[in-house]
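Taking it in order: structure first as C-alpha cells, then the write-up.
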Amino acid sequence: MKPLTYSQSTILAAVTKAAEKRLPCPKNVVLAAQAGLRAESSAQCALKRLEDLGNLTMKATPNWRIVILPDGTRTATRQECTRKHNAGPALRIVARAETAKSPVPTSPPVFRDPCPCCGVRLDADPTFSCPRGRAIRSMVA
C-alpha cells in the first residue's frame with residue numbers, strides 16, 4: 001500500500017475530524033487551504049485518490065458531499081444540517097443583532113458631482129462655487 005502524500009493526509013485528517021463531530025464535509029476551498037494546495041480542484045482530486053485507495057467512500061449529490069470512513073463514521077447530510085440550523089432561532093436573532101452594529105463609524109456621503117451652473121464639485125470649498133452651487137450643497141447636506 002502506498003503511503004499518503006502530505007496533502008492527502010491533511011485532507012483525510014480534516015474530513016475525519018468533520019465526520020467525528022458529525023459536521024458537513026468541508027468545501028474544496030477549505031480543504032485546499034488547509035493542505036496548502038493552490039487550486040480547489042486539487043483537493044477534489046486528492047479526495048478522489050483517497051477514495052481509490054480505499055481510505056474513504058464518497059456519496060455526492062448536487063452541492064453536497066457525504067464522506068463515509070472505513071469505520072462507518074460519516075459527515076453530516078443536508079437534512080441533518082438544516083435541522084441543526086433550524087434548532088436555535090434565538091441564537092440567530094442574537095447573532096443578527098450583533099452583526100447589525102457597525103464596528104466602523106459611517107461617514108457622511110460625499111457628493112462629487114459638479115454644479116450644473118459653474119462646474120465646481122460640490123465637495124470643494126464653498127467660496128469657489130456660484131450661489132446656485134451653494135444652494136444645492138445646502139439641500140444635499
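Each value in this text was obtained by applying a stated rule to the coordinates, not by laboratory testing. Being a predicted model, the structure only gives us computed values, none of them experimental. Using ideal geometry, Cβ is built from the backbone for each residue, glycine included, and neighbour counts are taken over all protein chains shown.
Of note:
- Entries in LYS2/LYS27; LYS27/LYS59; LYS2/LYS59 that, when Cα-Cα distance is taken, lie over 18 Å: LYS2/LYS27; LYS2/LYS59
- The phi-based Karplus calculation (6.51 cos²θ - 1.76 cosθ + 1.60; θ = phi - 60°) puts the 3J(HN,Hα) values of segment 43-57 at 5, 5, 5, 5, 4, 5, 5, 5, 5, 5, 6, x, 7, 7, 10 Hz, whole numbers, x for Gly and Pro.
- Charge context of LYS17, other residues only, Cβ under 15 angstrom, K/R +1, D/E -1: +2
- Potential lengthening of the chain between GLU51 and ARG22 amounts to 8.5 nm, from the contour at 0.36 nm per residue minus the alpha-carbon distance.
- The relative contact order of segment 22-72 comes to 27 percent, based on Cα pairs under 8 Å that sit 6 or more residues apart.
- Cα gyration tensor shape for segment 43-84, rounded if a/c is under 1.5, else prolate or oblate: oblate
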